[in-house]
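Notes follow once the structure below has been shown.
The values are calculated or read from the model by the stated rules, or taken from the named source; none is laboratory data. None of these values were measured; they are calculated from a predicted model. Cβ sites come from the backbone with ideal geometry, for glycine too, and all protein chains shown count toward neighbours.
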Amino acid sequence: MTASIGPGALNMVTAAGLATVNRLPVLLLPGDTYATRRQGPVLQQIEDPSAPDITANDAFRPVSRFFDRITRPEQLLTALPQAFRVLANPVETGAVVIALPQDIQSHAHDYPVEFFEPHDWKIRRPQPEAEDVRTVAEILRSAKKPLIIAGGGVVYSGATAELEALANATGIPVAETFGGKGAIQNPGPWHVWGIGLEGSPETNRLVEQADVILHVGTRLTDFATASQSLFHNPNVRFVSLNVSEFDGVKQGAATIVADAKVGLAALTAEVSGYRVPAEWTAEIAERQSRWVAMRAAAIDPDVLFPKTAEHDPDGTDAIITQGQMLGVMQEHARDGDILIAGAGGPPGDVQKVWDATNGRFAHLEFGFSCMGYELPAAIGVRFAEPDPAHRVMTFIGDGTFLMAPTELVTAAQEGLPLTIVISENHGYQVIRRLQMWRVGHHYGNEFRYRDPAKNVVNQVESNNSAGRLEGGYLDVDLVAVARGLGAHALRVRTADEFRTALNDTRDNAGPVVIVVATIPHANLPASGVWWDVAPAEVSDQPWLTAVREDYAAGIANQRWHG
């Protein structure tokens, strides 16, 4: 990816952070200011009086895994091999940035012809140490209530079959993180869905009891661990399998530093003959039965949701919830279809209720949770999966769509068959929900007009006090916006209308946008775990005092595990 200097380069910094956090290999080539400097400060250049060598591109340094600035053309001889080494390394990979000053871009150099010979960079699978495997296996064998947390490393490694083999052999339950969504494709009774803040409440009750936890290919962020409050067993021990030792040793785990695919195979062989106790198997089955029923009720699109003023204070024309919308999408999904989500409410809802098994994949960017990732991601997924029989669907809210809709033009330009499903719930409802939970009121999260009696024009009449954003919802025609950017677009209200829209547009040759009216404040079942988002420590508001007490109770469950 290339960019000009200044704002062009800075526009890629967020993408670099996303790639680095999610261990995605990306090569960025931002332009840079003149190395010779004889031109003086040039257009779009940032000057630092104390450090003339600093440019806007230095902002890439903390968010990239490799950064170099080429000030002589021959420097490419050493920079490029190192750049590609990082791109192909599963431990180090992320954003690789090579800044190219504008004048140096035009320079010639007598490069050795060997430099241009094709070179295959091998993506290695580090092998496990036998002693590490024995140590982890011994701890697992001692467990009465073991549990596996599967992260994105399982997916990156292509280790699904090996993880399923371990679970089938032992009966150890497997919970998935956001990155690990879809790590299980052929589920057994041990598949217990998502973990943590947006996971299944019944799964979280299992995690609270676990005495040995094996985490595989995960960074263990606060959403997975409930801010380190999820592991209640006072004697819980952790073991891990990770290609990165940095992540493997988290929670004080006894670690197998290896590729997930080969590491899981070795571990399965070492624990041969072990099965979880019958009591644990029975509890897993009972809790999964409860969750299956709870999930089915939450996403059933044919049950009339009892909409109240609490769920829809403005009385919109929406009659289905976002969960029911996902229920229709789940019905429609076929083997090979891919669902993408990245920011706001969609990734949490997908993590909670989407069945990503049997080839109905989910791609969730919840490492950086970057608004605006979803449409470019859909384009990338479509290029990687060109078979039109496999539908590529992006699920976003209206807030994310309005922030970054322009890649629809690219999709239309390339004639890419993509489906963008927009939940029209009139704002950033997941942030509103968080503010209500931790502050007791919300601010600026919904697309509302200001109080018409106190808008900016009338401030003089209202003692310069602008009204709050408490008017009606904005009248935004998302269908017209999408059509104007080259997509086939339509709006639906009912489950049947949505079903028809999905079926009728499945074979569309270009991008399709389906706007689904959803009830603004209707949520899926809560996960039943705590999250470390601190309310004000001191307040004269009774509500905040109560919230602070709840927060203090959560802190009491936080533990340091090593």
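Brief remarks on what is shown
- Residues of the stretch 248-265 classified as in a helix (DSSP H, G or I), among the aliphatic types (A, V, I, L, M) and either buried (at least 22 other Cβ atoms within 10 Å of the Cβ) or in contact with a strand residue (DSSP E or B) (Cβ under 8 Å, 6 or more places away or on another chain) (or both), total: 2
Conditions tested, residue by residue: (1) polar (S, T, N, Q); (2) crowded, with 18+ Cβ neighbours inside 10 Å.
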residue	(1), (2)
ASP355	no, no
ALA389	no, no
ASP398	no, yes
LEU408	no, yes
ASN425	yes, yes
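- Number of residues in the stretch 414-440 that are more than 17 Å from VAL381 (Cβ to Cβ) and assigned to a helix (DSSP H, G or I) equals 10.
- Long-range neighbours under 6 Å by Cβ, at least six apart or interchain, first residue in the same structural domain as GLY344 (by TED's automatic domain parsing) within the stretch 398-412, second of a type in the set (Asp, Glu): ASP398/GLU424
- Taken over the stretch 37-75, residues that are surrounded by 13 or more Cβ atoms within 10 Å (Cβ to Cβ), over 31 Å from the mean Cα position of the chain (by Cα) and either in contact (Cβ under 8 Å) with a residue 12 or more places away in the chain or in a strand (DSSP E or B) (or both) amount to 8.
- Just one of the listed residues (ALA258, ALA253) is aliphatic (A, V, I, L, M), modelled with pLDDT of 95 or more and either closer than 18 Å to ALA183 by Cβ or not assigned by TED's automatic domain parsing to the domain that holds THR177 (or both), namely ALA258.
- ASP496 vs. criteria in the same structural domain as GLU310 (by TED's automatic domain parsing), of a type outside the set (Lys, Arg), farther than 22 Å from PHE401 by Cβ and touching a residue at least 60 places away in the same chain (Cβ under 8 Å): no
- Within the stretch 488-510, the set of residues being touching a Leu at 6+ places or on another chain (Cβ under 9 Å) and of a type in the set (Ser, Thr, Tyr) comprises just one member, THR505.
- Meeting the requirement of 3 or more residues that are β-branched (Val, Ile, Thr), the helices (runs of 4 or more DSSP H) wholly within the stretch 273-362 are 278-299.
- Residue within the stretch 97-104 that is farther than 30 Å from GLY248 by Cα, in contact with a Gly (Cβ under 7 Å, 6 or more places away or on another chain) and either of a type outside the set (A, V, I, L, M, F, W, C) or in the same structural domain as ARG23 (by TED's automatic domain parsing) (or both) present: yes
- Within the stretch 124-160, the only residue that satisfies the criterion of being buried (at least 20 other Cβ atoms within 10 Å of the Cβ), over 22 Å from ALA224 (Cα atoms) and of a type in the set (D, E, K, R) is ASP132.
- Condition broken by VAL457, with the remaining ones in (1) modelled with pLDDT under 95; (2) in a loop (DSSP other than H, G, I, E, B) satisfied: (2)
- Selection status of GLU374, charged (D, E, K, R) and either in contact with a strand residue (DSSP E or B) (Cβ under 6 Å, 6 or more places away or on another chain) or assigned by TED's automatic domain parsing to the domain that holds ALA161 (or both): yes
- Condition check for GLY344: out of contact with any His (no Cβ under 9 Å at 6 or more places or on another chain) and closer than 30 Å to ARG491 by Cα: yes
- Selected residue (criterion: surrounded by the fewest Cβ atoms within 10 Å (Cβ to Cβ)) from residues of the stretch 210-243 that are β-branched (Val, Ile, Thr) and assigned to a loop (DSSP other than H, G, I, E, B): THR221
- Cβ-Cβ contacts under 8 Å between residues 6 or more apart (or on different chains), taken from a first residue in the stretch 325-337 that is farther than 19 Å from ALA378 by Cα to a second residue that is among the polar types (S, T, N, Q), are listed as MET325/SER423; MET325/THR518.
- Taking residues in the stretch 116-129 that are closer than 23 Å to GLY248 by Cα, and partners anywhere that are part of a loop (DSSP other than H, G, I, E, B) and modelled with pLDDT under 95, not one pair has Cβ atoms closer than 8 Å while being at least 6 places apart or on different chains.
- Those residues of the stretch 2-23 which are surrounded by fewer than 19 Cβ atoms within 10 Å (Cβ to Cβ) and either part of a helix (DSSP H, G or I) or touching a residue at least 60 places away in the same chain (Cβ under 8 Å) (or both), in sequence order: PRO7, GLY8, LEU10, THR14
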